[in-house]
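Structure first, commentary second.
The values are calculated or read from the model by the stated rules, or taken from the named source; none is laboratory data. Predicted model, so just to flag it, every value in this text is computed and none were measured. Here Cβ is always computed from backbone atoms with ideal geometry, including for glycine, and neighbour counts include all displayed protein chains.
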Amino acid sequence: MGPDGVRVTLRVEPAIDRLRRWFNLVNTPDPFTPRAVARIEYQSVPGLIQRYLLRDQWVVDVESDSGERLRVPVAGRESAIERASQLHAGVQKEGVAFLRTLDG
């Protein structure tokens, strides 16, 4: 929350999470999935897809209670966390108006 009193939420997530949400909207998982298959589908494969197919893309999603939304694509986890910290500092210093300067 900045000096304007508007709450701002920051979320850092890998591209695979957005792909999973979309996939889960259009598909229903089998309720009787064997443990080995579940381990491969939910642990190994997403990591490989994130790393090689999606080229380790991450995003910082910013949403304020006033309705401002911003999605900042970043390459790599550390870069995403660093960018989220910069956004947090900017919002705390200038408020939601800081987000409008980034929107372009």
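So how many residues does segment 57-78 have that are free of Cβ contacts under 8 Å to residues at least 24 places away in the same chain and either surrounded by 14 or more Cβ atoms within 10 Å (Cβ to Cβ) or not in a helix (DSSP H, G or I) (or both)?
Of the residues in segment 57-78, the ones free of Cβ contacts under 8 Å to residues at least 24 places away in the same chain are 67, 69, 71, 73-76, 78.
Subset that is either surrounded by 14 or more Cβ atoms within 10 Å (Cβ to Cβ) or not in a helix (DSSP H, G or I) (or both): 67, 69, 71, 73-76.
The total comes to 7.
Criterion first (at pLDDT 75 or above and either at negative phi or in contact with a helix residue (DSSP H, G or I) (Cβ under 6 Å, 6 or more places away or on another chain) (or both)) does Ala75 satisfy it? Outline the logic, then answer.
Values: at pLDDT 75 or above: yes; either at negative phi or in contact with a helix residue (DSSP H, G or I) (Cβ under 6 Å, 6 or more places away or on another chain) (or both): yes.
The answer is yes for Ala75.
So that you can scan it fast, the table gives a plain yes or no per residue for (1) out of contact with any strand residue (DSSP E or B) (no Cβ under 6 Å at 6 or more places or on another chain); (2) at pLDDT 75 or above; (3) of a type in the set (A, V, I, L, M, F, W, C); (4) part of a helix (DSSP H, G or I):
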position	(1), (2), (3), (4)
Asp4	yes, yes, no, no
Val12	no, yes, yes, no
Arg18	yes, yes, no, yes
Leu25	yes, no, yes, yes
Pro29	yes, no, no, no
Thr33	yes, no, no, no
Ala38	yes, no, yes, yes
Tyr42	yes, no, no, yes
Gln50	no, no, no, yes
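Taking (1) closer than 17 Å to Thr9 by Cα; (2) surrounded by fewer than 17 Cβ atoms within 10 Å (Cβ to Cβ) in turn, Leu99 satisfies each apart from (2). Which ones in segment 1-24 are closer than 20 Å to Lys93 by Cβ and among the basic types (Lys, Arg)? Answer for segment 1-24, where residues must be closer than 20 Å to Lys93 by Cβ and among the basic types (Lys, Arg): just Arg7.
Of all residues in segment 79-89, none are crowded, with 18+ Cβ neighbours inside 10 Å, over 19 Å from the mean Cα position of the chain (by Cα), among the small types (Gly, Ala, Ser) and not in a strand (DSSP E or B).
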